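Chemist: Below is one structure. I have some questions about it.
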Amino acid sequence: AYVAWRDAKLRGATWTFEAGDFYFTPGLADYRFTNLSTPAVTLAGGTVSARTDRSTFNVVAGRTTAWRNIFGSDPDTLQQHLGLARASHQVADWLAVNVRASSIRTRNVKEFPFTIAASDQAGGAVRAAIGPSFHVVADGGYVNYRRVGSDERLHDFSSTVGASLLHSRGWVQGNVSRFSPGEFPL
């Protein structure tokens, strides 16, 4: 089951409301780094998104699912609860900033192995377009997580720094990332 109300105009923004069985892609794709892709997350829950000419806002909440056939028509709801909020703003034509926060709690995901029972994150990023063909990204995040079978909360960080250059014969990209074990454990 799925229901959506898209492109509702309210208070200067365009809003989308979705509920039911749906999917979304986590934020690394926002940087347009082709080798930093993450798979889509399927879940049963809801999302609210708003966008203006210069800003976007998105909240997602629900429980992850596993699709049991290739058509996605038989989702199996798992015991993993997800809450995520993201916002971005185009400060200038060449500079964009974004912030994010997430909370994930995992108890039973059936046949899927997992090592992180709880994870809370907060972070932000800057993307600068130094001319039309050269982009630089810096991203950092604080991660507080708990492993399966432990009561100890661990504090860690994740980060990404990279650049991409578009030229007449293609593009060149370089990036360095460090991911915490508690980084968005879906």
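The values are calculated or read from the model by the stated rules, or taken from the named source; none is laboratory data. The shown structure was predicted, so the numbers you read here are calculated from the model rather than taken from an experiment. Here Cβ is always computed from backbone atoms with ideal geometry, including for glycine, and neighbour counts include all displayed protein chains. Side chains included, ligands, DNA and RNA excluded: accessible areas come from the protein's heavy atoms. Shrake-Rupley method; radii C 1.70, N 1.55, O 1.52, S 1.80 Å.
Chemist: Would you be able to tell me the number of residues in segment 139-170 that are at pLDDT 90 or above, open to solvent by 90 Å² or more (accessible area, probe 1.4 Å) and assigned to a strand (DSSP E or B)?
Modeler: Qualifying residue count, segment 139-170: 4.
Chemist: Within segment 51-60, can you find the residues that are open to solvent by 50 Å² or more (accessible area, probe 1.4 Å) and of a type outside the set (Phe, Trp, Tyr)? Full working, then the answer.
Modeler: Quick first cut of segment 51-60, residues open to solvent by 50 Å² or more (accessible area, probe 1.4 Å) only: 51-54, 56-57, 59.
Listed by number, the residues that qualify are 51, 52, 53, 54, 56, 59.
Chemist: Can you tell me which residue is modelled with the lowest pLDDT among those in segment 70-110 that are out of contact with any strand residue (DSSP E or B) (no Cβ under 6 Å at 6 or more places or on another chain) and open to solvent by less than 50 Å² (accessible area, probe 1.4 Å)?
Modeler: Once the filter is applied, the top-ranked residue is 72.
Chemist: Please work out which one of (1) without any contact (Cβ under 8 Å) to a residue 60 or more places away in the chain; (2) closer than 21 Å to residue 41 by Cα is the condition residue 90 fails and give its number.
Modeler: (2)
Chemist: Give the residues of segment 6-37 that are closer than 29 Å to residue 129 by Cβ, among the charged types (D, E, K, R) and modelled with pLDDT of 85 or more, sorted by residue number.
Modeler: 6, 7, 9, 11 - these are the residues of segment 6-37 that are closer than 29 Å to residue 129 by Cβ, among the charged types (D, E, K, R) and modelled with pLDDT of 85 or more.
Chemist: Within segment 101-138, which residues are farther than 30 Å from residue 167 by Cα, among the aliphatic types (A, V, I, L, M) and part of a loop (DSSP other than H, G, I, E, B)? Talk me through it step by step, then tell me what you get.
Modeler: Initial filter on segment 101-138 (farther than 30 Å from residue 167 by Cα): 101-123.
Among the residues that remain, those that are also among the aliphatic types (A, V, I, L, M) are: 101, 104, 109, 116-118, 122.
Listed by number, the list holds a single entry, 109.
Chemist: Given the conditions (1) in a loop (DSSP other than H, G, I, E, B); (2) of a type in the set (Val, Ile, Thr); (3) surrounded by 15 or more Cβ atoms within 10 Å (Cβ to Cβ), and given that residue 48 satisfies all but one, which numbered condition is not satisfied?
Modeler: (1)
Chemist: Can you tell me which of (1) open to solvent by 50 Å² or more (accessible area, probe 1.4 Å); (2) of a type in the set (A, V, I, L, M); (3) modelled with pLDDT of 90 or more is the one residue 40 doesn't meet?
Modeler: (3)
Chemist: A further question on this structure: Answer yes or no as to whether residue 116 is under 21 Å from residue 79 (Cβ atoms) and either among the aliphatic types (A, V, I, L, M) or open to solvent by 80 Å² or more (accessible area, probe 1.4 Å) (or both). Quick ask: steps written out before the conclusion?
Modeler: Values: under 21 Å from residue 79 (Cβ atoms): yes; either among the aliphatic types (A, V, I, L, M) or open to solvent by 80 Å² or more (accessible area, probe 1.4 Å) (or both): yes.
So residue 116 passes the test.
Chemist: Is there any pair linking a residue in segment 122-138 that is surrounded by fewer than 16 Cβ atoms within 10 Å (Cβ to Cβ) to one that is hydroxyl-bearing (Ser, Thr, Tyr), with Cβ under 7 Å and at least six apart or on different chains, and which?
Modeler: 122/142
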